[in-house]
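Q: So that we are looking at the same thing, I have put the structure below in structure tokens.
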Amino acid sequence: MSTKTRTLRRVAGLALAATLLLPVTAVAGGRGDGHGGRPSHSHSNYDARGHRDDDVTVIGHRGASGYRPEHTLAAYALAIRQCADYIEPDLVATKDGVLVARHENEIGGTTDVADHPQFADRRTTKVIDGAEVTGWFTEDFTLAELRTLRAKERIPETRPQNTRFDGRYRVPTLDEVLDLARGSRTCDGRPVGVYPETKHPTYFDSVGLSLEEPLVAALRDHGLDHRRAPVYVQSFETANLRQLDRMTRVRLVQLVAATGAPYDLVAAGDERTYADLVTPAGLREVARYADGVGLEKNVMIPREEDDTLGEPTTVIRDAHRAGLEVHGWTFRRENQFLPAELRSSADPNGVGDLAAEIRIFLDAGMDGLFTDNPDIGAAAARDFERARAGHHDAGKHDAGKRDAGKRDAGHRHEAAGG
Ligand SMILES: [Ca+2]
Ligand SMILES: [Ca+2]
């Protein structure tokens with residue numbers, strides 16, 4: 001397809017998007033409503049469902065981690081090629097204070113550190129967020145040392161096909177992830193977004209490696225510390241998000257698990273749990289410092305006893321009423337992660353109907369999703385957007401911005417490698 005044709009498609013897509021904007025409804029209690037003296041952000045492009053725009057936000061969870069070892073540049077680049085809007089680095093610190101992308105500060109499960117005899121004596125046991133963890137920890141390695149390691153598949157029994165990529169990729173720094181995003185475009189031609197998560201912020205404060213300051217500095221260095229930047233910063237803790245609300249203008253997302261409590265509250269002796277955060281009053285409080293909530297799937301639609309999907313709770317509606325976007329996690333194609341009725345077989349590692357699961361959650365009002373399978377997520381999002389737009393003849397009439405880009409995405413991102 002020629003550049004001109006792509007441009008025309010994109011313009012057509014934008015024009016279509018403009019016609020889809022629904023009447024703006026008042027959003028009460030949102031961040032910026034007279035709190036903290038920070039400039040009020042625009043609510044003008046929220047629609048009636050609380051959407052910031054008309055598109056479903058597809059987040060490549062740890063990259064395209066269903067297909068490549070998670071949190072590698074290869075995993076992020078593949079997520080971009082598969083039409084993710086955002087890539088998601090989880091952030092931990094090295095001994096010399098550099099932010100790198102790993103799901104945990106313990107790296108025995110996601111790198112070949114155990115195969116490096118020179119680091120054998122770094123193996124140790126620590127208490128992280130109240131739980132004993134044994135292994136090797138990023139905060140005990142300088143960046144130079146960490147760079148001698150190579151990533152490997154975290155769940156090889158579930159995703160054996162990904163083990164062929166073991167040993168190929170280094171642990172990326174946040175700077176590298178931001179460079180990749182800044183040098184890429186989404187399938188519909190927009191800047192690729194980044195959705196960093198601060199991991200164990202109370203713990204990292206306790207070892208003198210606070211995460212928030214270097215994160216905000218990196219965003220600023222990359223020209224991303226502004227309100228309209230394609231950035232969300234997420235955390236399972238609350239105090240660091242309140243702090244970030246004073247440090248940066250980018251959007252913030254409170255993560256909420258189906259059980260347990262934010263560790264900063266536990267450490268402070270505060271008895272509030274995640275369940276308290278998602279009551280209507282709890283959500284209004286979250287909206288004082290955050291722009292969205294990242295909800296575990298079961299918070300939105302709990303499972304029945306037979307592991308089929310039950311009825312949606314009111315949490316999505318309540319969050320929208322508080323002015324919060326709702327992004328759900330984690331959408332994965334293997335049977336073990338799917339509700340019983342969408343599994344393909346009794347094999348927990350078999351591939352079930354992830355698209356159908358995503359559709360059910362989008363129909364329930366979810367605005368975006370974290371997925372290990374951005375190709376399936378983007379296709380489901382496109383189908384949902386089309387259905388909402390009433391394009392019943394979508395098969396003939398190519399109104400989908402996502403597939404216009406998909407055809408040439410491979411060319412644009414070749415340099416990033418797979
Ligand atoms: Ca994460
Ligand atoms: Ca901190």
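No lab work stands behind these numbers, since they all come straight from the coordinates. Model, not experiment: these values are computed from the prediction. Every residue, glycine among them, receives a Cβ derived from its backbone with ideal geometry; neighbour counts consider all protein chains shown.
Q: Report, for the range 221-314, the % of DSSP beta bridges that are antiparallel, rounded to 5.
A: Values: 1 of 9 bridges.
Antiparallel bridges make up about 10 percent of those DSSP assigns within the range 221-314.
Q: Another question about this same structure. Between R388 and Q161, what FRET efficiency follows from the Cβ-Cβ distance if R0 is 30 Å, with the result rounded to 0.05?
A: The calculated FRET efficiency here is 0.30.
Q: Compute the distance in nm between two label points, each set 7 Å from the Cα along the Cα-to-Cβ direction, one at R288 and one at T313.
A: Result for the modelled spin labels: 2.1 nm.
Q: Now for a different question. Please work out how much length the chain gains when fully extended from Q336 to A120, using 0.36 nm per residue of separation minus the C-alpha to C-alpha distance, in nm with one decimal.
A: Working: separation 216, 0.36 × 216 = 77.76 nm, distance 3.42 nm.
Additional length available on full extension: 74.3 nm.
Q: Also: For every other residue with a beta carbon closer than 11 angstrom to the beta carbon of R333, add +1 if it is Lys or Arg and -1 if Asp or Glu, then tell me the sum. Please report the intermediate quantities before stating the final value.
A: Working: positive: R159, R332, R343; negative: E334, D353, E357, D372, D375.
Around R333, the surrounding residues sum to -2.
Q: Kirkwood Rh, the range 281-402, all Cα pairs: how many Å?
A: Details: mean 1/r = 0.0648 Å⁻¹.
Every distinct Cα pair counted, the radius reaches 15.4 Å.
Q: Once fully extended, how much extra length lies between R359 and R220, figured as 0.36 nm per residue of separation less the alpha-carbon to alpha-carbon distance?
A: On the way: separation 139, 0.36 × 139 = 50.04 nm, distance 3.61 nm.
Working it through step by step, the gained length comes to 46.4 nm.
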